[in-house]
């Protein structure tokens, strides 16, 4: 779908791609020609013979590759090429790459655990560099060429390849928009069932993107018809947007995103690659610091920095390690978890569940209103640096670490019941999903801009579900998020009104449909506790109770009557270990609830005031993010580095032998801290019963609020 490698494509006998939108054929063709002329393609030959490409001389510098006077590839594409490589290597196994170019994508492919890397290259000069590259490659490289791909691909057997990355350059004007499609038809033959493929054609998309409102619309109109004609099925086709920053003088591309097509052939992946999907697990990814380039684009750091980051990380399939989903408590020895990412973060839009405010009075005066759209790249980078550091700390403690998919959250949502101008971010993964025993439960979410946030970890869920036959996977009913799900007058109440309703646990959400964020839940073995709040209603608690009762799990509500705007339990009531809880001195648990804990032998320890109560200007969380710590074992905990008082408390009063301080304040703007930013998928623990003395009137509370 993008870059402009060199290489050839077969002649297209079908109507040109622009025929997909007949009324625009003449208009787009004219604009395409103007853009091509303006961007350096005026001399792209018409009806030229492809074979000439083999002998053309290359002009290679550190920043770009030119052949026949045309820009075949440039260094700014590094992060984008990294994303394409990540897609093509998801199954591991044998990966075919068409077009070697500057070796950017080849080096990215080599950073992942694959069995064989087959690279097809047409140009003789480039092929010589490919042969040298093969000698020093980590995984086996099989060069094929110098010849057109139409010749080389005939030697690749049917159903023999796990992944494909196609990135070549159009060899004449006629093929500028269509050269990928003949290859994709042939690629289906060599791709295994369950195999995955991606492609790029930046020289085409750089022109076409101007004519469409979104990448999805462009894909549907100009790519999908050809893919269907080539034998692909609609359910095999996906498309994502990826942020890029081409330089202003780039001859062939001027957009801030690029399209990533993801094509997965129907059928089950082979035994050698099924369930591998290594991109989520960090720690053993091969270093590519020797080839990394400081790109002018600072946003997606999967490629171009030395920090392991996001979906770019690979590791050999954890299946062989007996991978499983298991977490009954908040304190069992942590074996595997997901750490969020801040990529492509946007400001949350104003909506019934949230009316955000700027914390800094001076900044509020300057801006006048809440910002809209994407967050600054500087803020995203700062948060990602701290999230990546947390990954390194966890890996150093022996914890396998996974990352969500990087998604474009700037896309609007429109449903029959609501619309929002953009989405949010996949930083606080704790909010979207929770492990309860051997069950993964997808939360409903309570905010409209977070409606599809769970999709960022769906691949992780699929992998776990395939690999662990004991895992259960439940998705709470997706709410309509229509206006009647919200108390629209809540934001207009005075503080006095809020206190009155607060003691009735009435907030900005109603009980029309089950609603809960997973971060409103805390685990204590056989018992879990759920906080009714701005993000969780009694209908949501009731849904959890009914779903988990057959597994012997008891669901209780936990009430905090002095919290004016409660949201998530992990900054208010933090379970540290068996019979020990860190409590918020300003938000004590209700007396009735406290009595239940204490009669079962639990102790409460009040947290001290935060050492640094300051919040980022756009943070919508309270100063009590200081309490949002991450317990990773019975005697080990991770704490924000500035909270010295809390670190001492955990050591000397709570019995933690190891307290690990980490910087994390740049993540606060994204709605959470250490606990919020993680989802524990595996702990060494079991269904312990720490509440032998039960109370039996929680159902009455549900009925009272649901009536």
Cross-chain or 6+ apart pairs with Cβ under 8 Å, segment 348-376 first and over 22 Å from residue 449 (Cα atoms), then surrounded by fewer than 15 Cβ atoms within 10 Å (Cβ to Cβ) and modelled with pLDDT of 85 or more: 364/357
Any hit, segment 356-369, residues being within 18 Å of the chain's Cα centre (by Cα) and in the same structural domain as residue 459 (by TED's automatic domain parsing): no
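Applying the selection to segment 518-533, what residues are assigned to a loop (DSSP other than H, G, I, E, B) and surrounded by fewer than 22 Cβ atoms within 10 Å (Cβ to Cβ)?
The first filter runs over segment 518-533 and keeps only residues assigned to a loop (DSSP other than H, G, I, E, B), leaving 526, 531-533.
Matches in segment 518-533: 526 only.
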Selection from segment 488-499 of residues that are surrounded by 12 or more Cβ atoms within 10 Å (Cβ to Cβ) and closer than 20 Å to residue 588 by Cα: 498, 499
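Suppose we filter 548, 564 for residues that are closer than 26 Å to residue 498 by Cα and outside any strand (DSSP E or B); which single one remains? Spell out how you get there, then give the answer.
Values: 548 fails: closer than 26 Å to residue 498 by Cα.
Answer to the check: 564.
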Residue within segment 421-436 that is assigned by TED's automatic domain parsing to the domain that holds residue 328 and loosely packed, with under 14 Cβ neighbours inside 10 Å present: no
Pick from segment 656-669, criterion at pLDDT 95 or above and more than 18 Å from residue 611 (Cβ to Cβ), ranking: surrounded by the fewest Cβ atoms within 10 Å (Cβ to Cβ): 657
Tally, over segment 571-593, of residues that are surrounded by 18 or more Cβ atoms within 10 Å (Cβ to Cβ), in a helix (DSSP H, G or I) and out of contact with any helix residue (DSSP H, G or I) (no Cβ under 8 Å at 6 or more places or on another chain): 1
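Kindly establish whether residue 394 is buried (at least 17 other Cβ atoms within 10 Å of the Cβ) and within 18 Å of the chain's Cα centre (by Cα). Steps first, answer last, please.
Values: buried (at least 17 other Cβ atoms within 10 Å of the Cβ): yes; within 18 Å of the chain's Cα centre (by Cα): no.
In short, no.
The values are calculated or read from the model by the stated rules, or taken from the named source; none is laboratory data. Since the model is a prediction, treat every value here as computed from it, not as a measurement. As a convention, Cβ positions derive from the backbone with ideal geometry for all residues, glycine included, and neighbour counts pool all protein chains shown.
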